[in-house]
Amino acid sequence: MNWHGITVGMDEARNLGFLNGVQLVSSMWRNLSQVLPPEEMVKAVVEFYDEFEVEMISGKTLGELKTFVGHWQLRKLQDLKE
């Protein structure tokens, strides 16, 4: 499995200026890696960062970005249940 996307994500979170953003993103991937097969994990990484980039470019506040990460994870977990 290619963990490059996760490393890039943690760097992006650091660049956004919130340390617990790194923890939030890292925790999300740790949680999802327990329920997603490797192929789906790779797809999830690409999907997340495509959406996250749009959120960052749109000028969201740090709090809004944290909320986005939480909602994205919940949505992904909900998709698994269906």
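Quick note: the coordinates plus some simple rules give every number you see, no bench work behind them. All of these numbers come straight from a predicted model, not from anything done at the bench. Because the Cβ atoms are built from the backbone with ideal geometry, glycine has one as well, and the counts that use them run over all protein chains shown.
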Of the residues in segment 50-82, how many are polar (S, T, N, Q) and surrounded by 10 or more Cβ atoms within 10 Å (Cβ to Cβ)?
2
Return the pair list, or none, for Cβ contacts closer than 8 Å from residues in segment 60-82 that are more than 12 Å from residue 31 (Cβ to Cβ) and free of Cβ contacts under 8 Å to residues at least 12 places away in the same chain to residues that are outside any helix (DSSP H, G or I) and not polar (S, T, N, Q), at least 6 apart or on different chains.
none
